[in-house]
């Protein structure tokens, strides 16, 4: 059995942006400093602020006005998404459908944020949804030739986690949990990453597991295999999350808004 590569170190600028994982309520000034120092973040926020979903009356030309337009909460989410996507480029070399994987992560985040209730913080559910497959990102970006074997096995019918173990000696769930601990993610985020398939706890991991199913019901795959609609009698199928968000078209438009912002930073 083989073992995966060492846990990578993120570039300083990206690690600074990813520190927002631990700060669900950053100050405007803190975000502004990050954006001012990073042209990619500026491009992402300008794209988001000038998109149709933001209903701009006049074209936004500066990052600071863009942040005001989209709001601190959405700016934080876009910055995290850019930090994540720009740290793991070239995923297509592994055979993973890169665009569909990002759609899956963003949709899981948007849906988990809506599903979260009670003591769950919506911002944390969004963050965990965006990060839940970070183990797959690192394996596929770091070892694309080896991960291509995983993709081939998954598309031939082998469950992806089994394929990952056979090639790397570890699956993306366990590897993602190790990464989360090494990178100093909050415990609740790390635990959600570790449990995002089972969703056995009535917490963030439960929201992510259900969000993944709902996303599949919208036809969004995970970048390895095509989406499979959830059982109509499952918990996910009974959640009114799609209706709460305004219907499938609105959800997909929202996912596209985040994905467009991330693409503008590439």
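Points worth noting:
- Qualifying residue in region 83-92 (condition: under 23 Å from residue 228 (Cβ atoms) and at pLDDT 95 or above): no
- Check on residue 111, buried (at least 23 other Cβ atoms within 10 Å of the Cβ), within 30 Å of residue 235 (Cβ to Cβ) and within 18 Å of the chain's Cα centre (by Cα): yes
- So residue 75, is it free of Cβ contacts under 8 Å to residues at least 60 places away in the same chain, buried (at least 24 other Cβ atoms within 10 Å of the Cβ) and on the phi < 0 side of the Ramachandran plot: yes
- The set of residues in region 67-91 that are more than 18 Å from residue 266 (Cα to Cα) and more than 16 Å from the chain's Cα centre (by Cα) comprises 67, 68, 69, 70, 71, 72.
- Test: residue 177 is over 30 Å from residue 63 (Cβ atoms) and modelled with pLDDT of 90 or more: yes
- Selection count, region 144-169, where residues are crowded, with 19+ Cβ neighbours inside 10 Å and either under 18 Å from the mean Cα position of the chain (by Cα) or in contact (Cβ under 8 Å) with a residue 24 or more places away in the chain (or both): 8
- Under the condition of being in contact (Cβ under 8 Å) with a residue 60 or more places away in the chain and over 16 Å from residue 94 (Cβ atoms), the residues counted in region 171-196 number 12.
- Number of positions in region 218-239 that are crowded, with 20+ Cβ neighbours inside 10 Å and at pLDDT 90 or above: 4
- Helices (runs of 4 or more DSSP H) fully within region 1-75 that include at least 1 residues being modelled with pLDDT of 80 or more and closer than 20 Å to residue 189 by Cβ: 12-18, 28-36.
- Being assigned to a helix (DSSP H, G or I), under 17 Å from the mean Cα position of the chain (by Cα) and assigned by TED's automatic domain parsing to the domain that holds residue 144 is true of residue 214.
- With respect to the conditions (1) crowded, with 23+ Cβ neighbours inside 10 Å; (2) assigned to a helix (DSSP H, G or I), residue 242 lacks only one, and its number is (1).
The values are calculated or read from the model by the stated rules, or taken from the named source; none is laboratory data. No experiment lies behind these values; they were computed from the predicted model shown. Reconstructed Cβ throughout: ideal geometry from the backbone, glycine too, with neighbour counts over all protein chains shown.
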